[in-house]
């Protein structure tokens, strides 16, 4: 898939051919033959290999594990960054998709990989914070098996309603939620997803009760929100932006601490109801725990440089992605802070995933 300067038009055409979501759980896609052809062709043009499960890197090549299918948001962002990182390091990067179990399959593979700086992985809140609490058994221990390289993207969430719903502002929504005899329902892409947890935390802090309607992915959740089957939805901006532009979806508030440049008129929850509140999902790079400092620093520097690439910045802006500090120390601090916030909530909600 192409994300470099001059190739955005190709990506836009590709994106129209399948449903692009940022579920940050099991990502849902509607593949067509033309989408597959474009993905393979543009990946080849970039020199970023599109691999199948169990691909391995040759000497000197970097294998980038992705725990979700080709074409989903995690995969797309990895490929966006792989091109400039590959150029900086002067090494081929092979993107190796190993989907399943909320990225746990890929994480288990990373834990068993040689700590030589030639195997990296895309991780998110689910991999490092949610899975260790929600899954009864895991084949990896994030704290013992992984070493942080850097956070490279923040995914911004919205509380939104369909165009025919009566709620015009987040104040109206929360006021109604406090007095309604029946809790207002909201759709999410799944139990235990960062989006689900963000709403539950917001509702607790706001003193309101909401009814969670969990779907298997963002696509069916969005379809029912647009049809009025469920009155509200928690959704990432990347997925919602076309529906917002068309007027079919009305954003009420943003979960992050600052407003989105793409939606300057939409307030944050912190502004309107919960001072200091913030909830976002992030994506980051990790390596096996015993990877040497020199290799980690080399990867971290290349990642930071990739985030300064004009084509990357442009694409992040279009997709509404945040660009946080990407050094290992900032990542480690954020990882531990999120564990302190989210893991008690997961346990309190009784969220369990898998067998």
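The values are calculated or read from the model by the stated rules, or taken from the named source; none is laboratory data. This structure is a prediction, so every number in the text was calculated from the model and none was measured. Note: ideal-geometry Cβ built from the backbone for every residue, glycine included; neighbour counts use all protein chains shown.
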Residue 185 fails exactly one of (1) outside any helix (DSSP H, G or I); (2) within 20 Å of the chain's Cα centre (by Cα); (3) surrounded by fewer than 18 Cβ atoms within 10 Å (Cβ to Cβ), namely (2)
Taking residue 101, is it more than 19 Å from the chain's Cα centre (by Cα) and touching a residue at least 24 places away in the same chain (Cβ under 8 Å)?
no
All conditions in (1) closer than 18 Å to residue 91 by Cβ; (2) more than 18 Å from the chain's Cα centre (by Cα) are true of residue 275 except (1)
The one condition residue 261 fails out of (1) within 23 Å of residue 129 (Cα to Cα); (2) touching a residue at least 40 places away in the same chain (Cβ under 8 Å); (3) assigned by TED's automatic domain parsing to the domain that holds residue 204 is (1)
Residue check for residue 251: modelled with pLDDT under 95 and not assigned by TED's automatic domain parsing to the domain that holds residue 318
no
Condition set surrounded by 20 or more Cβ atoms within 10 Å (Cβ to Cβ) and within 19 Å of residue 112 (Cα to Cα), scope region 289-305, selection farthest from the chain's Cα centre (by Cα): answer is 291
Exercise. Within region 327-343, is there a residue that is in the same structural domain as residue 83 (by TED's automatic domain parsing) and part of a loop (DSSP other than H, G, I, E, B)?
Worked result: yes
Within region 288-326, residues touching a helix residue (DSSP H, G or I) at 6+ places or on another chain (Cβ under 9 Å) and part of a loop (DSSP other than H, G, I, E, B) come out as 289, 291, 307, 308, 309, 320, 323, 324, 325, 326
The number of residues in region 220-258 that are surrounded by 17 or more Cβ atoms within 10 Å (Cβ to Cβ), out of contact with any helix residue (DSSP H, G or I) (no Cβ under 7 Å at 6 or more places or on another chain) and part of a loop (DSSP other than H, G, I, E, B) is 2
Residue hits (region 104-150; touching a residue at least 40 places away in the same chain (Cβ under 8 Å) and part of a loop (DSSP other than H, G, I, E, B)) are 113, 114, 115, 116, 117, 118, 136, 137
